[in-house]
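One structure is given here, and the rest of the page talks about it.
The values are calculated or read from the model by the stated rules, or taken from the named source; none is laboratory data. What you see is a predicted model, and the numbers here were worked out from it, not measured in a lab. A quick note on method: Cβ atoms are made from the backbone with ideal geometry, for glycine too, and the neighbour counts reach across all protein chains shown. The area values use the complete protein model at the heavy-atom level, side chains included, leaving out ligands, DNA and RNA. Shrake-Rupley method; radii C 1.70, N 1.55, O 1.52, S 1.80 Å.
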Amino acid sequence: MTALQKTEKLGKSTFGGALNAGLRAALANDPKVLLMGEDIGKLGGVFRITDGLQAEFGEHRVLDSPLAESGIIGTAVGLAYRGYRPVPEIQFDGFVYPAFDQIVSQVAKIHYRTGGAVTIPMTIRIPFGGGIGSPEHHSESPEAYFVHTPGLRVVSPSSPAEAYWMIQDAIACEDPVIFFEPKRHYHDKQDLTGIEEGKDRLPLGAARVAREGEHVTLVSYGSLVKTCLNVATAAEDEGISIEVIDLRSLSPIDFGTIEASVRKTGRLVIAHEAALTGGLGAEIATGVTERCFHYLEHAPVRVTGWDLPYPPSKLEKHHVPDLDRILDGVDRALDRPNSYSRFEGK
């Protein structure tokens, strides 16, 4: 059975199921694609994203690795150097730090260091973000570290359809890709019937207008895109039209799509789970201000996680931006009464 025949049977699929199907298609289409990570083989991974793939493609294509993130990435570097396309999995976001030196010192730099002679076509899968009742090291958002590192692409899908295509595009890319998966949406479902036609497929580096609007541009990625769409629906009741941009690519950033939206709305709100200071929101706010200063009716507004280590699970609902906090950010951008009003003398 071909990869295309497999996609025809997807139908309604979870986010995790779409990732599984995308990985299956990549394995079927290119014998150089290898999956590797802790418990991803017989167990199918802690989130079962690779369930059944080892049985289908064999232990030489889907490898159970030792519990050693630095070793996983170091081995993947060697495989990529020899022409393979390794797809290592980091079991949880906070576990990536032991491999950080390998990623920023080797993975990101070999192409440049060799004058373009060597490519590292590696996709590092990282479940990230909170909302599943887990403690620190299992609920973190480390994307800014990698966005800050030249030589890496950083992407994050927000829906099953995006996950299905983006994982395949990442694996086919000649650049190393950090692939952040919003773990709290692994069980979200979407009808993927006919997805193999690829009519809504975007390039890996392109942002997506998830919902059109007129009054405010709301930019997010990964797990908060769904929340932002709910914000836009809720704001309709007050006559506010919000345009939601799904960033998809965190590095490089598709400023063209964001700029076109802000030139229309005049107002920008950015939402992400990671901490405020040094977060991706600051880069987007600055980039838009540089490009659209004369179109802005209000300073860009950021709605983010707090500047503290990820809290205990009982407190995470106060840490992760929710509908009310993002709506409050929209009110700030529109200069309506908001949580900052008492500090601003309004």
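See the values below:
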quantity	calculated
Hits in the range 258-274 - residues which are open to solvent by less than 40 Å² (accessible area, probe 1.4 Å) and either touching a Gly at 6+ places or on another chain (Cβ under 7 Å) or free of Cβ contacts under 8 Å to residues at least 60 places away in the same chain (or both)	258, 261, 262, 265, 266, 269, 270, 271, 272, 273, 274
Count of the range 247-257 residues which are in contact with a Leu (Cβ under 8 Å, 6 or more places away or on another chain), open to solvent by 10 Å² or more (accessible area, probe 1.4 Å) and of a type outside the set (A, V, I, L, M, F, W, C)	2
Extreme residue, nearest to residue 66 (Cα to Cα), among residues of the range 101-111 that are of a type outside the set (Asp, Glu), over 18 Å from the mean Cα position of the chain (by Cα) and in a helix (DSSP H, G or I)	102
Wholly within the range 151-211, strands (runs of 3 or more DSSP E) carrying at least 3 residues that are in contact with a strand residue (DSSP E or B) (Cβ under 9 Å, 6 or more places away or on another chain), farther than 20 Å from residue 85 by Cβ and among the polar types (S, T, N, Q)	none
Residue within the range 43-53 that is open to solvent by 30 Å² or more (accessible area, probe 1.4 Å) and assigned to a strand (DSSP E or B) present	no
Residue list for the range 225-252, restricted to those being assigned to a strand (DSSP E or B), touching an Asp or Glu at 6+ places or on another chain (Cβ under 8 Å) and under 30 Å from residue 108 (Cβ atoms)	246, 250
Counted residues, the range 1-42 - those being assigned to a helix (DSSP H, G or I), basic (Lys, Arg) and modelled with pLDDT under 95	1
Some residue of the range 307-318 being surrounded by 12 or more Cβ atoms within 10 Å (Cβ to Cβ) and at pLDDT 95 or above	no
Subset tally (residues that are under 25 Å from the mean Cα position of the chain (by Cα) and either free of Cβ contacts under 8 Å to residues at least 60 places away in the same chain or assigned to a helix (DSSP H, G or I) (or both)) for the range 293-308	8
All positions within the range 224-237 that are in contact with a helix residue (DSSP H, G or I) (Cβ under 9 Å, 6 or more places away or on another chain), open to solvent by 10 Å² or more (accessible area, probe 1.4 Å) and closer than 15 Å to residue 336 by Cβ	234
Residue tally, condition open to solvent by 30 Å² or more (accessible area, probe 1.4 Å) and part of a helix (DSSP H, G or I), over the range 319-330	5
Count of the range 54-92 residues which are among the polar types (S, T, N, Q) and open to solvent by 70 Å² or more (accessible area, probe 1.4 Å)	1
